[in-house]
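Q: Take this structure, written in C-alpha coordinates, and hold onto it; I'll ask about it next.
The values are calculated or read from the model by the stated rules, or taken from the named source; none is laboratory data. Just so it is clear, the model here is predicted, and its values are computed rather than measured. In this analysis, Cβ positions are derived from the backbone assuming ideal geometry, glycine residues included, and neighbour counts consider all displayed protein chains.
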(Lines give C-alpha, C1' and ligand atoms only; values in the text may rest on other atoms or scores of the structure.)
Protein backbone atom coordinates (compact mmCIF):
# COMPACT_ATOMS: atom_id res chain seq x y z
CA UNK A 1 0.00 0.00 0.00
CA UNK A 2 1.34 3.54 -0.71
CA UNK A 3 0.50 4.68 2.84
CA UNK A 4 2.47 1.78 4.29
CA UNK A 5 5.46 2.73 2.17
CA UNK A 6 5.13 6.33 3.37
CA UNK A 7 5.12 5.20 7.01
CA UNK A 8 8.15 3.02 6.37
CA UNK A 9 10.00 5.90 4.71
CA UNK A 10 9.25 8.12 7.69
CA UNK A 11 10.59 5.53 10.11
CA UNK A 12 7.31 4.30 11.63
CA UNK A 13 6.87 0.60 12.36
CA UNK A 14 3.61 -1.29 12.01
CA UNK A 15 3.14 -1.33 15.79
CA UNK A 16 3.27 2.44 16.13
CA UNK A 17 0.14 4.54 16.00
CA UNK A 18 -0.85 6.24 12.78
CA UNK A 19 0.18 9.86 12.22
CA UNK A 20 -2.84 12.09 11.68
CA UNK A 21 -2.86 15.56 10.14
CA UNK A 22 -4.02 16.94 13.49
CA UNK A 23 -0.81 15.68 15.10
CA UNK A 24 1.85 18.44 15.39
CA UNK A 25 4.47 15.96 14.12
CA UNK A 26 2.64 15.87 10.79
CA UNK A 27 3.81 19.42 10.10
CA UNK A 28 7.36 18.12 9.61
CA UNK A 29 6.16 16.41 6.41
CA UNK A 30 5.62 19.84 4.89
CA UNK A 31 8.81 21.46 6.21
CA UNK A 32 7.00 23.35 8.98
CA UNK A 33 7.89 22.78 12.63
CA UNK A 34 5.73 23.88 15.61
CA UNK A 35 7.36 25.76 18.48
CA UNK A 36 6.56 26.59 22.09
CA UNK A 37 5.54 30.14 21.15
CA UNK A 38 2.93 28.73 18.75
CA UNK A 39 4.66 29.94 15.57
CA UNK A 40 5.33 27.21 12.99
CA UNK A 41 8.78 27.61 11.45
CA UNK A 42 9.82 26.56 7.95
CA UNK A 43 12.51 27.84 5.55
CA UNK A 44 10.21 30.39 3.94
CA UNK A 45 8.83 31.68 7.24
CA UNK A 46 12.28 31.83 8.87
CA UNK A 47 13.65 33.98 6.04
CA UNK A 48 11.15 36.68 7.04
CA UNK A 49 13.32 37.33 10.10
CA UNK A 50 15.97 39.88 9.03
CA UNK A 51 18.70 38.29 11.17
CA UNK A 52 18.09 34.86 9.59
CA UNK A 53 18.03 36.28 6.06
CA UNK A 54 21.25 38.17 6.80
CA UNK A 55 23.03 35.09 8.21
CA UNK A 56 21.90 32.79 5.39
CA UNK A 57 22.80 35.30 2.71
CA UNK A 58 26.13 36.15 4.32
CA UNK A 59 27.32 32.53 4.51
CA UNK A 60 26.04 31.37 1.10
CA UNK A 61 27.09 34.46 -0.85
CA UNK A 62 30.55 34.59 0.72
CA UNK A 63 31.21 30.93 -0.03
CA UNK A 64 30.00 31.45 -3.59
CA UNK A 65 32.24 34.47 -4.10
CA UNK A 66 35.44 32.71 -3.02
CA UNK A 67 37.30 31.23 -6.02
CA UNK A 68 38.16 27.52 -5.84
CA UNK A 69 41.20 26.04 -7.59
CA UNK A 70 42.65 22.58 -8.18
CA UNK A 71 46.30 22.33 -7.06
CA UNK A 72 49.06 19.78 -7.48
CA UNK A 73 50.19 18.51 -4.07
CA UNK A 74 53.89 18.45 -4.97
CA UNK A 75 54.38 21.71 -6.88
CA UNK A 76 51.34 23.62 -5.53
CA UNK A 77 50.68 24.74 -9.10
CA UNK A 78 47.12 25.21 -10.37
CA UNK A 79 46.02 22.35 -12.64
CA UNK A 80 44.14 24.51 -15.12
CA UNK A 81 44.10 21.80 -17.81
CA UNK A 82 42.18 19.30 -15.66
CA UNK A 83 38.47 18.97 -16.64
CA UNK A 84 37.39 19.56 -13.03
CA UNK A 85 39.14 22.95 -12.87
CA UNK A 86 36.57 24.54 -15.17
CA UNK A 87 33.66 23.15 -13.12
CA UNK A 88 34.91 24.56 -9.80
CA UNK A 89 36.52 27.79 -11.00
CA UNK A 90 34.63 28.96 -14.09
CA UNK A 91 31.23 27.43 -14.83
CA UNK A 92 29.30 24.44 -13.53
CA UNK A 93 27.25 24.30 -16.74
CA UNK A 94 26.26 26.60 -19.58
CA UNK A 95 23.66 28.47 -17.51
CA UNK A 96 25.24 28.35 -14.05
CA UNK A 97 28.62 29.65 -12.95
CA UNK A 98 30.71 27.75 -10.42
CA UNK A 99 30.14 30.56 -7.90
CA UNK A 100 26.35 30.45 -8.36
CA UNK A 101 26.28 26.68 -7.81
CA UNK A 102 28.26 26.98 -4.56
CA UNK A 103 25.96 29.74 -3.39
CA UNK A 104 22.77 27.82 -4.23
CA UNK A 105 23.89 24.49 -2.72
CA UNK A 106 25.06 26.22 0.46
CA UNK A 107 21.71 27.99 0.60
CA UNK A 108 19.91 24.64 0.25
CA UNK A 109 21.99 23.19 3.09
CA UNK A 110 21.27 26.16 5.37
CA UNK A 111 17.54 26.03 4.68
CA UNK A 112 16.88 22.30 4.21
CA UNK A 113 19.87 20.51 5.74
CA UNK A 114 21.63 19.50 2.51
CA UNK A 115 22.23 20.66 -1.06
CA UNK A 116 22.82 18.34 -4.01
CA UNK A 117 24.17 18.54 -7.56
CA UNK A 118 24.35 15.74 -10.09
CA UNK A 119 27.63 15.13 -11.92
CA UNK A 120 27.06 14.80 -15.67
CA UNK A 121 29.85 12.79 -17.30
CA UNK A 122 31.02 12.03 -20.83
CA UNK A 123 31.16 8.48 -22.18
CA UNK A 124 34.64 7.92 -20.74
CA UNK A 125 33.56 9.05 -17.24
CA UNK A 126 35.10 12.54 -17.38
CA UNK A 127 33.04 15.10 -15.39
CA UNK A 128 31.46 17.55 -17.83
CA UNK A 129 28.75 19.49 -15.95
CA UNK A 130 27.19 19.92 -12.50
CA UNK A 131 23.39 20.23 -12.24
CA UNK A 132 21.67 21.40 -9.06
CA UNK A 133 18.84 19.18 -7.80
CA UNK A 134 15.85 20.36 -5.76
CA UNK A 135 16.21 19.43 -2.05
CA UNK A 136 12.78 17.81 -1.85
CA UNK A 137 13.53 15.47 -4.75
CA UNK A 138 16.68 13.85 -3.32
CA UNK A 139 16.67 11.15 -0.64
CA UNK A 140 19.86 9.69 0.82
CA UNK A 141 19.95 5.99 1.65
CA UNK A 142 22.54 3.34 2.59
CA UNK A 143 23.48 -0.01 1.13
CA UNK A 144 23.78 -2.98 3.53
CA UNK A 145 27.55 -2.44 3.64
CA UNK A 146 27.08 1.24 4.56
CA UNK A 147 27.82 2.75 1.13
CA UNK A 148 25.51 5.73 0.50
CA UNK A 149 23.37 6.17 -2.59
CA UNK A 150 20.64 8.60 -3.62
CA UNK A 151 17.07 8.22 -4.82
CA UNK A 152 16.17 11.13 -7.08
CA UNK A 153 12.64 11.91 -8.24
CA UNK A 154 12.49 13.02 -11.87
CA UNK A 155 9.72 13.61 -14.41
CA UNK A 156 10.30 10.08 -15.70
CA UNK A 157 10.14 8.51 -12.24
CA UNK A 158 12.60 7.71 -9.49
CA UNK A 159 16.23 6.96 -10.36
CA UNK A 160 19.10 5.73 -8.21
CA UNK A 161 22.49 7.47 -8.31
CA UNK A 162 25.83 6.48 -6.85
CA UNK A 163 27.45 8.69 -4.23
CA UNK A 164 30.21 9.34 -6.80
CA UNK A 165 27.68 11.08 -9.07
CA UNK A 166 26.05 13.31 -6.45
CA UNK A 167 27.86 16.29 -4.97
CA UNK A 168 26.38 16.69 -1.48
CA UNK A 169 26.88 19.66 0.87
CA UNK A 170 25.20 19.31 4.25
CA UNK A 171 24.84 21.30 7.44
CA UNK A 172 25.98 19.89 10.79
CA UNK A 173 24.53 16.40 11.06
CA UNK A 174 22.42 17.01 7.97
CA UNK A 175 20.06 19.23 10.02
CA UNK A 176 19.36 22.79 8.95
CA UNK A 177 20.27 25.58 11.41
CA UNK A 178 16.70 26.79 10.91
CA UNK A 179 15.43 23.52 12.39
CA UNK A 180 17.92 23.55 15.25
CA UNK A 181 17.19 27.17 16.13
CA UNK A 182 13.47 27.22 15.39
CA UNK A 183 12.56 28.28 18.94
CA UNK A 184 14.80 31.36 18.78
CA UNK A 185 13.54 32.23 15.30
CA UNK A 186 9.90 31.79 16.39
CA UNK A 187 10.46 34.06 19.38
CA UNK A 188 11.97 36.73 17.11
CA UNK A 189 8.90 36.48 14.87
CA UNK A 190 6.65 36.78 17.91
CA UNK A 191 8.43 39.98 18.95
CA UNK A 192 8.03 41.36 15.43
CA UNK A 193 4.34 40.45 15.36
CA UNK A 194 3.71 41.95 18.80
CA UNK A 195 5.34 45.29 18.11
CA UNK A 196 3.79 45.38 14.64
CA UNK A 197 0.35 44.97 16.17
CA UNK A 198 1.03 47.83 18.56
CA UNK A 199 2.05 50.22 15.80
CA UNK A 200 -0.81 49.06 13.58
CA UNK A 201 -3.15 50.36 16.29
CA UNK A 202 -1.44 53.75 16.47
CA UNK A 203 1.31 52.85 18.92
CA UNK A 204 1.07 52.39 22.68
CA UNK A 205 -1.47 54.68 24.46
CA UNK A 206 0.17 57.99 25.31
CA UNK A 207 -2.41 58.72 28.00
CA UNK A 208 -5.83 57.97 29.49
CA UNK A 209 -8.92 60.23 29.48
CA UNK A 210 -10.95 59.98 32.69
CA UNK A 211 -14.56 61.16 32.99
CA UNK A 212 -16.44 61.88 36.22
CA UNK A 213 -19.70 60.47 34.96
CA UNK A 214 -20.45 57.06 33.50
CA UNK A 215 -20.50 57.06 29.69
CA UNK A 216 -22.11 54.53 27.38
CA UNK A 217 -20.28 52.84 24.52
CA UNK A 218 -21.38 55.31 21.86
CA UNK A 219 -20.29 58.29 23.96
CA UNK A 220 -16.85 56.72 24.50
CA UNK A 221 -16.49 56.15 20.74
CA UNK A 222 -17.32 59.79 20.05
CA UNK A 223 -14.81 61.05 22.61
CA UNK A 224 -12.08 58.76 21.26
CA UNK A 225 -12.83 59.73 17.66
CA UNK A 226 -12.74 63.42 18.52
CA UNK A 227 -9.47 63.05 20.42
CA UNK A 228 -7.66 61.23 17.58
CA UNK A 229 -9.03 63.69 15.05
CA UNK A 230 -7.64 66.70 16.92
CA UNK A 231 -4.50 65.24 18.57
CA UNK A 232 -3.48 62.21 16.49
CA UNK A 233 -0.91 61.88 13.72
CA UNK A 234 0.52 65.21 12.51
CA UNK A 235 -1.64 67.08 15.07
CA UNK A 236 -0.01 65.37 18.05
CA UNK A 237 1.35 67.74 20.68
CA UNK A 238 -1.37 70.36 20.37
CA UNK A 239 -3.27 71.95 23.24
CA UNK A 240 -6.12 69.80 24.55
CA UNK A 241 -9.42 71.28 25.77
CA UNK A 242 -11.56 68.93 27.86
CA UNK A 243 -15.07 69.58 29.18
CA UNK A 244 -17.59 67.88 31.46
CA UNK A 245 -14.95 67.34 34.17
CA UNK A 246 -12.73 65.09 32.04
CA UNK A 247 -9.06 64.64 32.93
CA UNK A 248 -6.09 63.45 30.85
CA UNK A 249 -3.35 61.36 32.49
CA UNK A 250 -0.19 60.77 30.41
CA UNK A 251 1.50 57.34 30.46
CA UNK A 252 5.28 57.12 30.68
CA UNK A 253 7.51 54.32 29.35
CA UNK A 254 7.70 51.39 31.77
CA UNK A 255 10.57 49.09 32.58
CA UNK A 256 8.87 46.39 30.51
CA UNK A 257 9.14 48.59 27.40
CA UNK A 258 12.88 48.95 27.93
CA UNK A 259 13.29 45.19 28.43
CA UNK A 260 11.31 44.57 25.26
CA UNK A 261 13.92 46.39 23.18
CA UNK A 262 16.75 44.48 24.89
CA UNK A 263 14.99 41.16 24.27
CA UNK A 264 14.81 41.91 20.56
CA UNK A 265 18.60 42.42 20.49
CA UNK A 266 19.10 39.19 22.43
CA UNK A 267 17.14 37.28 19.76
CA UNK A 268 19.54 38.56 17.13
CA UNK A 269 22.41 37.23 19.24
CA UNK A 270 20.63 33.87 19.62
CA UNK A 271 20.20 33.59 15.86
CA UNK A 272 23.87 34.50 15.43
CA UNK A 273 24.76 31.59 17.74
CA UNK A 274 22.59 29.20 15.75
CA UNK A 275 24.42 30.02 12.52
CA UNK A 276 27.78 30.46 14.32
CA UNK A 277 28.13 33.98 12.96
CA UNK A 278 29.64 36.87 15.01
CA UNK A 279 26.81 39.26 16.00
CA UNK A 280 28.54 42.24 14.39
CA UNK A 281 28.30 40.44 11.03
CA UNK A 282 24.50 40.62 11.46
CA UNK A 283 24.77 44.38 12.15
CA UNK A 284 24.10 43.97 15.88
CA UNK A 285 26.60 46.63 16.91
CA UNK A 286 25.55 47.32 20.50
CA UNK A 287 28.79 45.71 21.73
CA UNK A 288 30.88 46.30 18.63
CA UNK A 289 34.04 48.42 18.59
CA UNK A 290 36.66 49.14 15.94
CA UNK A 291 39.00 46.50 17.38
CA UNK A 292 36.63 43.62 18.11
CA UNK A 293 34.75 44.07 14.82
CA UNK A 294 37.95 43.35 12.89
CA UNK A 295 38.64 40.37 15.15
CA UNK A 296 35.12 39.04 14.61
CA UNK A 297 35.66 39.23 10.86
CA UNK A 298 38.60 36.84 11.30
CA UNK A 299 36.46 34.64 13.52
CA UNK A 300 33.86 34.56 10.76
CA UNK A 301 36.46 32.96 8.51
CA UNK A 302 37.82 30.49 11.08
CA UNK A 303 34.60 29.51 12.89
CA UNK A 304 31.85 29.97 10.31
CA UNK A 305 33.30 29.51 6.84
CA UNK A 306 36.17 27.06 7.35
CA UNK A 307 33.96 23.99 8.07
CA UNK A 308 31.83 24.77 5.01
CA UNK A 309 34.89 25.23 2.78
CA UNK A 310 36.39 21.96 4.04
CA UNK A 311 33.13 20.18 3.20
CA UNK A 312 33.14 21.74 -0.27
CA UNK A 313 36.76 20.69 -0.94
CA UNK A 314 36.03 17.06 -0.04
CA UNK A 315 32.74 17.00 -1.97
CA UNK A 316 34.52 18.24 -5.08
CA UNK A 317 37.36 15.74 -4.66
CA UNK A 318 34.99 12.80 -4.08
CA UNK A 319 32.94 13.42 -7.23
CA UNK A 320 35.38 15.03 -9.66
CA UNK A 321 38.64 13.17 -8.96
CA UNK A 322 39.51 9.50 -9.06
CA UNK A 323 41.18 7.90 -6.01
CA UNK A 324 44.51 8.06 -7.83
CA UNK A 325 44.03 11.73 -8.68
CA UNK A 326 43.12 12.57 -5.08
CA UNK A 327 46.58 11.38 -4.02
CA UNK A 328 48.25 13.91 -6.31
CA UNK A 329 45.82 16.86 -6.34
CA UNK A 330 43.46 18.74 -4.04
CA UNK A 331 40.84 21.51 -4.17
CA UNK A 332 41.22 24.68 -2.12
CA UNK A 333 39.26 27.92 -1.78
CA UNK A 334 41.25 31.14 -2.07
CA UNK A 335 40.50 33.14 1.09
CA UNK A 336 43.14 35.85 0.80
CA UNK A 337 40.58 38.63 0.35
CA UNK A 338 38.85 37.70 3.62
CA UNK A 339 42.08 37.62 5.61
CA UNK A 340 43.60 40.83 4.29
CA UNK A 341 44.40 43.52 6.84
CA UNK A 342 44.99 47.22 6.23
CA UNK A 343 47.49 48.41 3.62
CA UNK A 344 50.26 49.32 6.09
CA UNK A 345 50.12 45.94 7.88
CA UNK A 346 50.05 44.09 4.57
CA UNK A 347 53.07 46.00 3.26
CA UNK A 348 54.98 45.20 6.46
CA UNK A 349 54.15 41.49 6.14
CA UNK A 350 55.29 41.40 2.50
CA UNK A 351 58.52 43.17 3.46
CA UNK A 352 59.22 40.54 6.10
CA UNK A 353 58.48 37.71 3.66
CA UNK A 354 60.93 39.24 1.15
CA UNK A 355 63.68 39.65 3.73
CA UNK A 356 63.16 36.05 4.93
CA UNK A 357 63.43 34.72 1.39
CA UNK A 358 59.91 33.29 1.49
CA UNK A 359 58.41 35.28 -1.40
CA UNK A 360 59.83 36.76 -4.58
CA UNK A 361 59.03 40.22 -5.87
CA UNK A 362 56.77 38.77 -8.57
CA UNK A 363 54.87 36.69 -6.02
CA UNK A 364 54.18 39.85 -4.04
CA UNK A 365 53.08 41.62 -7.22
CA UNK A 366 50.81 38.68 -8.11
CA UNK A 367 49.17 38.93 -4.67
CA UNK A 368 48.41 42.59 -5.51
CA UNK A 369 47.10 41.68 -9.00
CA UNK A 370 50.10 43.34 -10.66
CA UNK A 371 51.96 41.95 -13.70
CA UNK A 372 55.40 40.34 -13.18
CA UNK A 373 58.64 42.21 -13.82
CA UNK A 374 61.89 40.95 -15.37
CA UNK A 375 64.22 39.70 -12.68
CA UNK A 376 61.44 39.52 -10.12
CA UNK A 377 61.76 35.79 -9.45
CA UNK A 378 64.87 36.06 -7.27
CA UNK A 379 64.58 35.08 -3.61
CA UNK A 380 67.57 37.19 -2.55
CA UNK A 381 67.01 39.70 0.24
CA UNK A 382 66.65 43.13 -1.41
CA UNK A 383 67.61 44.86 1.85
CA UNK A 384 71.10 43.27 2.12
CA UNK A 385 72.15 42.49 -1.47
CA UNK A 386 74.72 44.77 -3.13
CA UNK A 387 75.74 45.37 -6.71
CA UNK A 388 78.31 42.97 -8.11
CA UNK A 389 80.10 45.81 -9.87
CA UNK A 390 80.23 48.74 -7.47
CA UNK A 391 80.80 52.17 -8.89
CA UNK A 392 84.34 53.53 -8.92
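Q: Check whether at least one residue in region 200-210 is at pLDDT 85 or above, in a loop (DSSP other than H, G, I, E, B) and either loosely packed, with under 10 Cβ neighbours inside 10 Å or under 46 Å from the mean Cα position of the chain (by Cα) (or both), and report yes or no.
A: Filtering region 200-210 for residues at pLDDT 85 or above gives none.
The answer is no; no qualifying residue exists.
Q: State all residues of region 80-103 that are surrounded by fewer than 17 Cβ atoms within 10 Å (Cβ to Cβ) and over 18 Å from residue 132 (Cβ atoms); if no residue qualifies, say none.
A: 80, 81, 83, listed by residue number.
Q: Related question: Here are the criteria: (1) surrounded by 17 or more Cβ atoms within 10 Å (Cβ to Cβ); (2) more than 18 Å from residue 97 (Cα to Cα); (3) modelled with pLDDT of 90 or more. Tell me which single one residue 49 does not satisfy.
A: All conditions are met except number (3).
Q: If you don't mind, another one. Quick check on my filter: what residues within region 346-368 are part of a loop (DSSP other than H, G, I, E, B) and either loosely packed, with under 14 Cβ neighbours inside 10 Å or touching a strand residue (DSSP E or B) at 6+ places or on another chain (Cβ under 6 Å) (or both)?
A: So the first thing to find is which residues in region 346-368 are part of a loop (DSSP other than H, G, I, E, B), and the list is 357-360, 368.
Those that are part of a loop (DSSP other than H, G, I, E, B) and either loosely packed, with under 14 Cβ neighbours inside 10 Å or touching a strand residue (DSSP E or B) at 6+ places or on another chain (Cβ under 6 Å) (or both): 357, 358, 368.
Q: Select from region 91-124 the residues that are under 21 Å from residue 322 (Cβ atoms) and assigned to a loop (DSSP other than H, G, I, E, B) and write down the one among them that is nearest to the chain's Cα centre (by Cα).
A: Looking at the filtered set, the residue picked out is 122.
Q: Against the condition surrounded by 17 or more Cβ atoms within 10 Å (Cβ to Cβ), within 22 Å of the chain's Cα centre (by Cα), closer than 30 Å to residue 282 by Cβ and at pLDDT below 85, how does residue 31 come out, does it pass? Full working, then the answer.
A: Working: surrounded by 17 or more Cβ atoms within 10 Å (Cβ to Cβ): yes; within 22 Å of the chain's Cα centre (by Cα): yes; closer than 30 Å to residue 282 by Cβ: yes; at pLDDT below 85: yes.
Yes.
Q: In region 141-171, what count of residues is obtained for those that are in contact with a helix residue (DSSP H, G or I) (Cβ under 8 Å, 6 or more places away or on another chain) and surrounded by 12 or more Cβ atoms within 10 Å (Cβ to Cβ)? Spell out the reasoning first.
A: Start the filter on region 141-171 by keeping residues that are in contact with a helix residue (DSSP H, G or I) (Cβ under 8 Å, 6 or more places away or on another chain), which leaves 147-150, 152-154, 163-171.
Then drop every residue that is not surrounded by 12 or more Cβ atoms within 10 Å (Cβ to Cβ), which leaves 148-150, 152-153, 163-171.
Qualifying residue count, region 141-171: 14.
Q: Follow-up. If you check every pair at least six apart or on different chains, which have Cβ atoms under 8 Å apart with a residue in region 335-353 that is closer than 25 Å to residue 68 by Cα first and a residue that is modelled with pLDDT of 70 or more and not in a helix (DSSP H, G or I) second?
A: Close Cβ pairs (under 8 Å, with a partner that is modelled with pLDDT of 70 or more and not in a helix (DSSP H, G or I)) amount to 335/66; 337/66; 338/66; 350/359; 353/359.
Q: Can you say whether residue 118 is buried (at least 16 other Cβ atoms within 10 Å of the Cβ), assigned by TED's automatic domain parsing to the domain that holds residue 43, at pLDDT 90 or above and more than 27 Å from residue 181 (Cα to Cα), as far as the supplied structure shows?
A: Details: buried (at least 16 other Cβ atoms within 10 Å of the Cβ): yes; assigned by TED's automatic domain parsing to the domain that holds residue 43: yes; at pLDDT 90 or above: yes; more than 27 Å from residue 181 (Cα to Cα): yes.
Taking the combined requirement at face value, the residue satisfies it.
Q: Okay, next question. Anything in region 303-334 that is touching a residue at least 40 places away in the same chain (Cβ under 8 Å) and either outside the structural domain of residue 114 (by TED's automatic domain parsing) or not in a helix (DSSP H, G or I) (or both)? List them, or say none.
A: 321, 329, 330, 331, 332, 333, 334 - these are the residues of region 303-334 that are touching a residue at least 40 places away in the same chain (Cβ under 8 Å) and either outside the structural domain of residue 114 (by TED's automatic domain parsing) or not in a helix (DSSP H, G or I) (or both).
Q: I would also like to ask the following. Taking region 266-277, which residues are closer than 14 Å to residue 297 by Cα and buried (at least 20 other Cβ atoms within 10 Å of the Cβ)?
A: Of the residues in region 266-277, the ones closer than 14 Å to residue 297 by Cα are 272, 276-277.
Matches in region 266-277: 272, 277.
Q: Would you call residue 147 outside the structural domain of residue 320 (by TED's automatic domain parsing), free of Cβ contacts under 8 Å to residues at least 12 places away in the same chain and more than 25 Å from the chain's Cα centre (by Cα)? Please lay out each step first, then the result.
A: Details: outside the structural domain of residue 320 (by TED's automatic domain parsing): yes; free of Cβ contacts under 8 Å to residues at least 12 places away in the same chain: no; more than 25 Å from the chain's Cα centre (by Cα): yes.
Here the answer is no, as residue 147 does not meet what is asked.
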